[in-house]
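**Q** My questions all concern the structure below.
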Amino acid sequence: SQQGEEDPQALSIQEGENATMNCSYKTSINNLQWYRQNSGRGLVHLILIRSNEREKHSGRLRVTLDTSKKSSSLLITASRAADTASYFCATDSSNYQLIWGAGTKLIIKP
Amino acid sequence: SQTIHQWPATLVQPVGSPLSLECTVEGTSNPNLYWYRQAAGRGLQLLFYSVGIGQISSEVPQNLSASRPQDRQFILSSKKLLLSDSGFYLCAWKSSGAQGYTFGSGTRLTVV
C-alpha cells in the first residue's frame, strides 16, 4: 500500500528557482528517504533523514521532517535543467521494506 | 565497488508466454533484495523481497513468482504472462548499514 503522498503531483519552475516538494505519511517511521528517477530509469537515493532528526542537508538539497505532522519536505535550491526528474519519498517502518509515495514530477524550464 | 545488474532493459512478450527477469548484485554479501513494479506515472509497488537464499516474501497475490538461488541473484518469473503484467520492473538491494536502496536500471515489460 502507498503510505507516502507527495505534493504537488507536478511542478514546473524556471531554472535557478528553488523547488519544494512535500510528503505526508500515516504511521510512525524509523526514517524517511527521498529518491530521484529520471524518465525510464531506475531510482537514485538522494538523502535519508531519521525520525529523531529535523533537518538534513546534502549539497543543494535540504530535507525537513516533522514527525508530529507526519510530513517531510525536500527543497532543491538553485535548480538546474538536470534536476528535471520525478522525486519520490519512501518511509521505512521496518527492516525489510519501504512504503512509497506516487511521486512529484519536477520540470525545470531553461 | 557495489553494483547491481538488471536485464533486459526492454522486453515485449505475448500473452501466455513465460517470463524470467534476472538481477545480480556485486560487491556485497547477504543483501536484502527486492522486486518492484511501477505503473506509468506512479509510485513503486513492492512485489517480493528476500532476506536470504531461498527466502522469499510476497507482498501481493499475482501471476508472478520470485526465487533467490544464490546470495546475490534474484529472479522474477511467470509461467504465463497476462496483459496486466505490463509495467516497469525494478530490482533493488540494501545491505545492513546502508543509507538507502540501490536500484537497477529497470526492465520495461510490454505484454501484447
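**Q** Cα extents of chain A along the three principal axes, largest first, in whole Å?
**A** The principal-axis extents, from largest down, are 40, 28, 20 Å.
**Q** Gap in Å between the Cα centre of the range B:90-112 and the Cα centre of the range A:65-110?
**A** About 17 Å separates the Cα centre of the range A:65-110 from the one of the range B:90-112.
**Q** First compute the accessible area of the range A:5-109 with a 1.4 Å probe, then give the percent of it belonging to carbon and sulfur atoms.
**A** Working: 2210 of 5010 Å².
Within the range A:5-109, the accessible surface is 44 percent carbon and sulfur.
**Q** Still on this model: Could you grab the relative contact order for chain B? Cα pairs under 8 Å, six or more apart, rounded to a whole percent.
**A** Values: 279 pairs, mean separation 40.2, N = 112.
Result for chain B is 36 percent.
**Q** Let me ask you something else. Residue by residue through the range B:49-56, which ³J(HN,Hα) values in whole Hz follow from phi under the Karplus form 6.51 cos²θ - 1.76 cosθ + 1.60 (θ = phi - 60°), with glycine and proline marked x?
**A** Taking θ as phi minus 60°, the curve returns 9, 9, 9, x, 4, x, 9, 10 Hz for the range B:49-56.
**Q** So what's the range B:3-111 giving for Cα Rg divided by 2.2 N^0.38 Å, two decimals?
**A** Working: Rg = 13.1 Å, N = 109, 2.2 N^0.38 = 13.1 Å.
Dividing the Cα Rg of the range B:3-111 by 2.2 N^0.38 Å gives 1.00.
**Q** Still on this structure: Accessible area lost on pairing B with A, both sides, 1.4 Å probe, Å² to nearest 100?
**A** On the way: alone 5950 and 6170 Å², together 10520 Å².
Buried surface at the B/A interface: approximately 1600 Å².
**Q** Could you check the spin-label model distance between residue A:24 and residue B:20? Points 7 Å from the Cα along Cα→Cβ, value in nm.
**A** According to this spin-label approximation, the distance is 4.7 nm.
**Q** Continuing with the same structure: Once label points are set 7 Å from the Cα along Cα→Cβ at both residue A:64 and residue A:44, what is their separation, rounded to one decimal in nm?
**A** Distance between label points: 2.6 nm.
**Q** May I ask you to compute the full-extension gain from residue B:82 to residue B:40, defined as 0.36 nm times their residue separation minus their alpha-carbon distance, rounded to one decimal in nm?
**A** 13.4 nm
**Q** Could you tell me which of A:24, A:84, A:101 has its Cα farthest along the dipole of the range A:5-109 towards the positive end, charges placed at Cβ (Lys, Arg +1; Asp, Glu -1), taken about the Cα centre?
**A** The residue sitting most towards the positive pole is A:84.
**Q** Another question about this same structure. Across peptide A:43-50, how many C-beta atoms of other chains are within 10 Å of each residue C-beta, on average?
**A** Working: counts 11, 4, 8, 2, 2, 3, 0, 0.
Taking all residues of A:43-50 together, the mean is 4.
**Q** OK, next. With θ set to phi - 60° and the Karplus curve 6.51 cos²θ - 1.76 cosθ + 1.60, what are the ³J(HN,Hα) couplings of the range A:10-24 in order, to the nearest whole Hz, using x for Gly and Pro?
**A** Result, ordered by residue: 9, 9, 10, 9, 7, 4, x, 7, 8, 10, 10, 10, 10, 9, 10 Hz.
**Q** Round to a whole number: what % of the accessible area of chain B belongs to carbon and sulfur, probe 1.4 Å?
**A** On chain B, the fraction of accessible area on carbon and sulfur atoms equals 51 percent.
**Q** With every protein chain present, what is the per residue accessible area of the range B:3-111 (1.4 Å probe, Å²)? Walk me through the numbers on the way to the answer.
**A** Numbers: 4810 Å² over 109 residues.
Per residue, the range B:3-111 has an accessible area of 44 Å².
**Q** If you don't mind, there's one more thing I want to ask. Averaged over peptide A:27-40, how many Cβ atoms belonging to another chain are found within 10 Å of each residue's Cβ?
**A** Values: counts 0, 0, 0, 0, 2, 0, 3, 1, 4, 0, 7, 0, 0, 6.
Mean shielding count: 2.
**Q** Here's another thing I want to ask about it. Counting only C-alpha contacts under 8 Å and six or more residues apart, can you give the relative contact order of chain A as a whole percent?
**A** Values: 285 pairs, mean separation 43.5, N = 110.
Reported as a whole number, the value is 40 percent.
The values are calculated or read from the model by the stated rules, or taken from the named source; none is laboratory data. Bear in mind that the values here come from a model prediction, so they are computed numbers and not experimental data. Cβ sites come from the backbone with ideal geometry, for glycine too, and all protein chains shown count toward neighbours. All accessible areas refer to the heavy atoms of the entire protein, side chains included, with ligands and DNA or RNA removed. Shrake-Rupley method; radii C 1.70, N 1.55, O 1.52, S 1.80 Å.
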